[in-house]
Amino acid sequence: MTEPLPLPVAAAPEHLERRAALLLVLLAVLVTASIGFVLYARGAFEATQRVVLVADDSEGVVVGMDLTFSGFPIGRVRRTELAADGSVRIVVDVPVKDAHWLRTSSVFTLTRNLVGGTAIKAYSGVPADPPLPAGAERRVLSGDAAAEIPRIMADVRALLANLTALTAPDAALAGTLDNVQRLTGRIDDKLGGKRGALDLLLGDEAPRLVQTLARTSQLLADVGGLVRRADQQLLGEQGLLADTQAAVKQAGALLGQARDSLQKVDAVLKEAEAVARNARVASTDLGALRADVEASLRKVDMLVNDVNRLWPLKRDPEIKLP
Amino acid sequence: MPPAAAAYDVAMLSSAAPGLSLGRALRLRWRSAWAVLNLGALVLALGLSPSTYRRPWRVPLAAQVVRAAWPLLPWFTLLAAIVSLVLTRIVLVTAQSYGLSQYALEMVVRVLVLELIPLTAALAVALRVTLPMAAELAQWRLQGALDDARSRGQDPLRGLIAPRALAGLFAVLLLAAVAGTVALVLAYVLAHGLSPWALERYARMVGHVFSPAVSLVFVLKTAALALAVSVVPIGTALHGRAGGGQGALEVQGLTRMFLAALLVEVAGLAGNYL
């Protein structure tokens with residue numbers, strides 16, 4: 001005989017039904033709250049206005065993604081569609097309370113990042129512009145980080161080719177490095193000797209250079225002594241400078257004397273000038289005297305002429321033509 | 001013929017002696033699976049009919065619901081909170097160290113709420129509630145008590161079987177809802193502290209994750225998991241091959257339940273990410 005099964009009875013303990021009701025209500029509340037929260041989170045209770053962004057490529061744009069302004073999401077992509085001219089129309093719902101961020105001068109960008117999704121961003125440069133009207137269509141600017149990759153790859157490839165050529169076994173760089181290595185090896189060898197790298201650079205000439213350097217050093221020491229002596233002679237107590245100063249003083253005195261002499265010469269010249277002036281007066285008198293003498297002589301001449309005319313011993317004044 | 005009687009006929013067939021031909025074994029297996037599906041449909045139909053929630057059938061249902069959910073709820077909530085805390089913290093710190101902290105919360109919500117919590121709730125209910133219930137029913141079946149009750153004109157389906165399956169279903173949904181809410185709250189608190197100023201952005205992120213398609217898959221997956229862990233063990237206990245005794249029936253139920261849960265999970269992943 002089997003045990004009687006716990007089949008339903010008409011009444012159950014009161015607390016059992018209460019607990020069951022409590023659990024049911026809890027589930028109902030949680031499910032309702034979750035649905036409400038998700039609907040709120042998806043913006044189902046917000047009044048929105050529509051902005052249509054026109055792009056060339058809808059790659060990476062998914063329904064539900066955000067339109068951000070300064071990093072804050074202010075809209076959601078509601079739909080993407082292909083326009084008649086082949087461009088992409090991205091329909092974005094912007095809550096009315098956030099719509100004031102969008103102005104007629106706002107710029108929209110669509111950027112594709114290497115990590116993470118595509119982002120649609122809005123920039124409003126002039127907040128004083130009139131607000132963007134509902135249903136406005138705007139061109140979206142695309143920036144694609146991935147589009148740079150092929151160019152960068154080409155550059156990198158060229159760079160790698162250059163590097164490969166540089167580092168090839170028969171490349172110039174390898175030869176140079178080889179030479180450097182041999183050089184450094186020789187330096188190492190020579191460093192055991194006295195002159196190290198100098199021997200390497202100059203070979204047999206190195207001792208002469210060292211000798212020259214020693215002589216130069218000696219010369220410099222001599223020149224130093226010379227300069228010191230010259231200094232002594234020039235600037236010392238009995239030096240040339242002191243003598244020169246004395247000579248300059250004497251020259252000053254001599255110049256004073258010369259000035260006195262010149263003043264005397266000046267006086268003499270003045271006297272000479274006075275003498276000359278007297279002489280000029282005297283020469284004027286001489287002119288008058290000469291005129292007198294000339295008059296006297298003319299009279300004598302006339303007298304002689306008269307005598308000659310009157311005198312029988314006159315000469316024949318006839319002129320004979322040849 | 002009442003549906004329950006048909007189900008028992010199938011059970012008798014499928015509990016035939018081992019050593020069958022492959023075709024017959026496959027046919028029996030298929031009929032057994034069909035019987036389980038049939039039971040699931042019956043349970044759902046009963047769950048949706050108002051008479052189930054009226055006396056006298058309300059009493060066993062209330063008793064099984066309280067039995068299934070009441071002791072499990074605090075412990076599972078605590079466990080889910082701890083696991084959520086640890087996982088959220090790990091994801092947040094790791095994402096921060098990679099400079100991807102803006103994706104951390106989204107990942108936490110996806111991994112925890114969408115994937116882990118429904119599965120964990122279903123498995124917890126299966127292990128703590130529906131498998132013991134299935135064992136109970138298997139024992140009654142093997143003792144012939146169910147047949148006796150039927151022969152006395154009682155209805156074991158409405159009085160014993162459906163309340164248990166519905167209680168399991170309900171417990172999975174309740175635990176998933178509670179743990180999901182706790183995980184969402186904990187993720188917010190761990191990421192932003194107790195400040196209310198990130199609520200709007202957090203809500204937006206959650207709304208972003210719960211797109212219509214993802215939400216639909218989430219609801220369907222949770223419901224399917226709940227059905228799988230409540231109906232499959234009980235159905236197998238009633239309609240599985242009874243040749244190996246109660247232990248064999250339990251193992252059979254466990255295996256089928258895991259298989260069903262796996263199929264549901266794979267279908268959910270395919271729906272979400274393909």
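Identify, please: which residue in region A:53-88 is of a type in the set (A, V, I, L, M, F, W, C) and more than 48 Å from the chain's Cα centre (by Cα) and is, among those, farthest from the other protein chains (Cβ to nearest Cβ)?
Among them, the one singled out is A:Ala84.
Going through region A:23-50 one residue at a time, which ones are farther than 22 Å from B:Pro212 by Cα and surrounded by 14 or more Cβ atoms within 10 Å (Cβ to Cβ)?
Across region A:23-50, the qualifying residues are A:Leu23, A:Leu24, A:Leu26.
Against the definition (buried (at least 16 other Cβ atoms within 10 Å of the Cβ), modelled with pLDDT under 90 and not small (Gly, Ala, Ser)), how does B:Arg58 come out, yes or no?
yes
Just checking, does region B:93-104 include any residue being out of contact with any Gly (no Cβ under 8 Å at 6 or more places or on another chain), buried (at least 20 other Cβ atoms within 10 Å of the Cβ), of a type in the set (A, V, I, L, M) and more than 14 Å from chain A (Cβ to nearest Cβ)?
Taking every residue of region B:93-104 in turn, none turns out to be out of contact with any Gly (no Cβ under 8 Å at 6 or more places or on another chain), buried (at least 20 other Cβ atoms within 10 Å of the Cβ), of a type in the set (A, V, I, L, M) and more than 14 Å from chain A (Cβ to nearest Cβ).
Quick one: which residue in B:Arg141, B:Arg158 is more than 9 Å from chain A (Cβ to nearest Cβ), of a type in the set (D, E, K, R) and either outside any helix (DSSP H, G or I) or in contact with a helix residue (DSSP H, G or I) (Cβ under 8 Å, 6 or more places away or on another chain) (or both)?
B:Arg141
Can you work out which of the residues in region B:22-55 that are within 14 Å of chain A (Cβ to nearest Cβ) and basic (Lys, Arg) is surrounded by the fewest Cβ atoms within 10 Å (Cβ to Cβ)?
Only one residue tops the list, namely B:Arg54.
So which residues in region B:39-58 are within 23 Å of B:Ala237 (Cα to Cα) and either without any contact (Cβ under 8 Å) to a residue 40 or more places away in the chain or among the hydroxyl-bearing types (Ser, Thr, Tyr) (or both), if there are any at all?
The answer is B:Ala41, B:Ala45, B:Thr52.
The values are calculated or read from the model by the stated rules, or taken from the named source; none is laboratory data. Quick caveat, the model's predicted, so the values are computed rather than measured. Using ideal geometry, Cβ is built from the backbone for each residue, glycine included, and neighbour counts are taken over all protein chains shown.
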